[in-house]
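Worksheet: one structure, shown below.
The values are calculated or read from the model by the stated rules, or taken from the named source; none is laboratory data. Computed from a predicted structure; not experimentally measured. Cβ atoms come from the backbone with ideal geometry, glycine included; neighbour counts cover every protein chain shown. The accessibility values were calculated without ligands, DNA or RNA, using every heavy atom of the protein model including side chains. Shrake-Rupley method; radii C 1.70, N 1.55, O 1.52, S 1.80 Å.
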Amino acid sequence: MSNKGIYSPKDTKFLMDMEQYPRLGQLELIETKNLTSSVNSADFVNIKEGIFNCHLVTFNDMEWGTADTFYCRLSDDGGVTFESGSNYSGAQQYGSASGSYGESRRSNTDKWDRLLQNQANNAHSGYMIMYNLGDANRFSFATQHTINWSSGNVQFKYGSHVYNSARKINAFRFYTASYAFTGSISVYGMRFS
């Protein structure tokens, strides 16, 4: 197929069928960490922030042996250091099949807080979408939706977070307050988002 910069609909369909033509919203796996031995943190330092404006992070079967909280910090120096100033804020709603519901808010803290929380020896799963990480002129935002099983009930949590300092973020770290964890974390770039 010759290319003069213009594709016919037939050419475009052919390239899409051959997975050589990117589609709006297409996901590209950047990295997966299968954490089979207990660790206290998981760093993602090659997030392709110059290519992707939007990142999807999935959490699968995250577990820790003692009740703990799962956090996130951002980096603007490739993961050499992770920002710990008071520029993180967030709000969440949570609920349980038992009928209990509530909210949690954090303003001007040193991390995105309570992404996954508290329950020991129960699998936590979910996702987070991060926006504007590679844009030095905009704040970085995230939304989340996570689930877990606790005390015989399914629980959910969803919320939004902001890093209220315009910086080019090029790495991030997930970690717990005190205890080691296992599970799988994947980071995807969302094409043309």
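Being open to solvent by 40 Å² or more (accessible area, probe 1.4 Å) and assigned to a strand (DSSP E or B) is the filter; apply it to segment 125-138 and report the residue that is nearest to Ser86 (Cα to Cα). Can you show your working first?
Restricting attention to segment 125-138, the residues satisfying the condition of being open to solvent by 40 Å² or more (accessible area, probe 1.4 Å) are 127, 131, 135-138.
After this cut, where a residue has to be assigned to a strand (DSSP E or B) as well, the list is 127, 131.
Details: Tyr127: 24, Tyr131: 19 Å.
Across segment 125-138, the extreme among qualifying residues is Tyr131.
Which condition number in (1) within 19 Å of Ala177 (Cβ to Cβ); (2) out of contact with any Ser or Thr (no Cβ under 7 Å at 6 or more places or on another chain) is the one that Glu83 fails?
So Glu83 meets the others, but not (2).
Return yes when Gln93 is of a type outside the set (Phe, Trp, Tyr) and either surrounded by fewer than 12 Cβ atoms within 10 Å (Cβ to Cβ) or farther than 30 Å from Arg167 by Cα (or both) and no when it is not. Walk me through how you get there before you give the answer.
Values: of a type outside the set (Phe, Trp, Tyr): yes; either surrounded by fewer than 12 Cβ atoms within 10 Å (Cβ to Cβ) or farther than 30 Å from Arg167 by Cα (or both): no.
Criteria not met by Gln93.
Within segment 155-173, can you find the residues that are hydrophobic (A, V, I, L, M, F, W, C) and either closer than 15 Å to Asn87 by Cβ or surrounded by fewer than 21 Cβ atoms within 10 Å (Cβ to Cβ) (or both)? Let's see the steps before the verdict.
Within segment 155-173, the first condition is being hydrophobic (A, V, I, L, M, F, W, C), and the residues that meet it are 156, 162, 166, 169, 171-172.
Result: Phe156, Val162, Ala166, Ile169, Phe172.
Say we look at segment 157-192 and pick out the residues that are in a strand (DSSP E or B) and over 16 Å from the mean Cα position of the chain (by Cα); which of these is nearest to Leu35 (Cα to Cα)?
At the first step, the residues of segment 157-192 found to be in a strand (DSSP E or B) are 157-163, 171-176, 181-190.
If we keep only those that are over 16 Å from the mean Cα position of the chain (by Cα) as well, we get 181-182.
On the way: Phe181: 8, Thr182: 5 Å.
Ranking the qualifying residues of segment 157-192, first place goes to Thr182.
Could you go through segment 3-15 and let me know if any residue there is closer than 22 Å to Gly159 by Cα and open to solvent by 30 Å² or more (accessible area, probe 1.4 Å).
Filtering segment 3-15 down to residues closer than 22 Å to Gly159 by Cα leaves none.
No - not one qualifying residue is present in segment 3-15.
Take the residues in segment 45-78 that are of a type in the set (Ser, Thr, Tyr) and open to solvent by 10 Å² or more (accessible area, probe 1.4 Å), then tell me which one is nearest to Ala180 (Cα to Cα). Quick ask: steps written out before the conclusion?
From segment 45-78, those of a type in the set (Ser, Thr, Tyr) are 58, 66, 69, 71, 75; that's our starting set.
Filter once more, so that each one left must be open to solvent by 10 Å² or more (accessible area, probe 1.4 Å): 58, 66, 69, 71.
Values: Thr58: 19, Thr66: 9, Thr69: 11, Tyr71: 13 Å.
Taking the candidates together, the pick is Thr66.
Sort through Thr109, Thr182, Thr81, Thr176 and tell me the only one that's open to solvent by less than 60 Å² (accessible area, probe 1.4 Å), of a type in the set (Val, Ile, Thr) and free of Cβ contacts under 8 Å to residues at least 24 places away in the same chain. Break it down stepwise before answering.
Values: Thr182 fails: free of Cβ contacts under 8 Å to residues at least 24 places away in the same chain; Thr81 fails: open to solvent by less than 60 Å² (accessible area, probe 1.4 Å); Thr176 fails: free of Cβ contacts under 8 Å to residues at least 24 places away in the same chain.
Sole residue among the options that is open to solvent by less than 60 Å² (accessible area, probe 1.4 Å), of a type in the set (Val, Ile, Thr) and free of Cβ contacts under 8 Å to residues at least 24 places away in the same chain: Thr109.
Give me the residue from segment 87-124 that is touching an Asp or Glu at 6+ places or on another chain (Cβ under 6 Å) and assigned to a strand (DSSP E or B) and, out of that set, nearest to Glu28 (Cα to Cα).
Start the filter on segment 87-124 by keeping residues that are touching an Asp or Glu at 6+ places or on another chain (Cβ under 6 Å), which leaves 93, 106, 123.
Next cut, assigned to a strand (DSSP E or B) only: 93, 106.
Numbers: Gln93: 29, Arg106: 32 Å.
Applying the filter and picking the extreme gives Gln93.
Scan segment 139-154 residue by residue and report those that are farther than 23 Å from Ile51 by Cα, in a strand (DSSP E or B) and open to solvent by 50 Å² or more (accessible area, probe 1.4 Å). Quick ask: steps written out before the conclusion?
Residues of segment 139-154 that are farther than 23 Å from Ile51 by Cα, as a first pass: 145-154.
Of the ones still in play, those that are also in a strand (DSSP E or B) are 145-150, 153-154.
If the condition is that a residue be farther than 23 Å from Ile51 by Cα, in a strand (DSSP E or B) and open to solvent by 50 Å² or more (accessible area, probe 1.4 Å), then His145, Ile147, Trp149, Val154 are the ones that fit.
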